[in-house]
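Notes follow the structure.
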Amino acid sequence: MKRYKVLDIFSYVPKSIIDLKRLEEIFMDGIDDSNSIFSGYQVKKYNQRLNLEKNIEMAVNELRNEGKSIALIKNCEKIIAVIGYKELL
């Protein structure tokens, strides 16, 4: 199994609904199997063919400019977080 380190989290839901620690757990549980849904959440590795809302696109561009890998966490097809990460050797 690959190992990852989360470097940045851009959350689009209030902390009272889901905190950053839980978003990181969801990322770790789902990053290796992006076709699965864990506890109602799906983790997808970013690809440029996605049509994103402006605020999400800005976060993705920032992470990309920093050379980080990017994943999106979705709930009911809505992006709730953008994750900047790196794969550990």
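Here are several values of Cα extents along the principal axes in Å: (1) 59, 29, 17; (2) 50, 28, 15; (3) 32, 31, 23. Which one was derived from the coordinates shown? This structure yields the entry labelled (3). Rolling a 1.4 Å probe over the protein heavy atoms of the chain, with every protein chain left in place, gives an accessible area that is 47 percent carbon and sulfur. The charge dipole of the chain, taken about its Cα centre with unit charges on the Cβ of Lys, Arg, Asp and Glu (plus for the first two, minus for the last two), comes to roughly 100 debye. Accessible surface area normalised per residue over the chain is 66 Å², counting heavy atoms of protein chains with a 1.4 Å rolling probe.
Per residue, the chain reaches -8000 deg cm²/dmol at 222 nm when only DSSP H runs of four or more residues are counted, each adding -39500 (n - 2.57).
Here each label is just a point 7 Å from Cα along the line to Cβ, and for Glu77 and Ser36 those points are 2.4 nm apart. Positive contributions from Lys and Arg (+1) and negative ones from Asp and Glu (-1), summed over other residues with Cβ under 11 Å from the Cβ of Gly84, come out at +1.
The values are calculated or read from the model by the stated rules, or taken from the named source; none is laboratory data. Just so you know, these numbers come straight off a predicted model, no measurement behind them. Note: ideal-geometry Cβ built from the backbone for every residue, glycine included; neighbour counts use all protein chains shown. We work out accessible area using only protein heavy atoms, side chains counted, and drop any ligands, DNA or RNA first. Shrake-Rupley method; radii C 1.70, N 1.55, O 1.52, S 1.80 Å.
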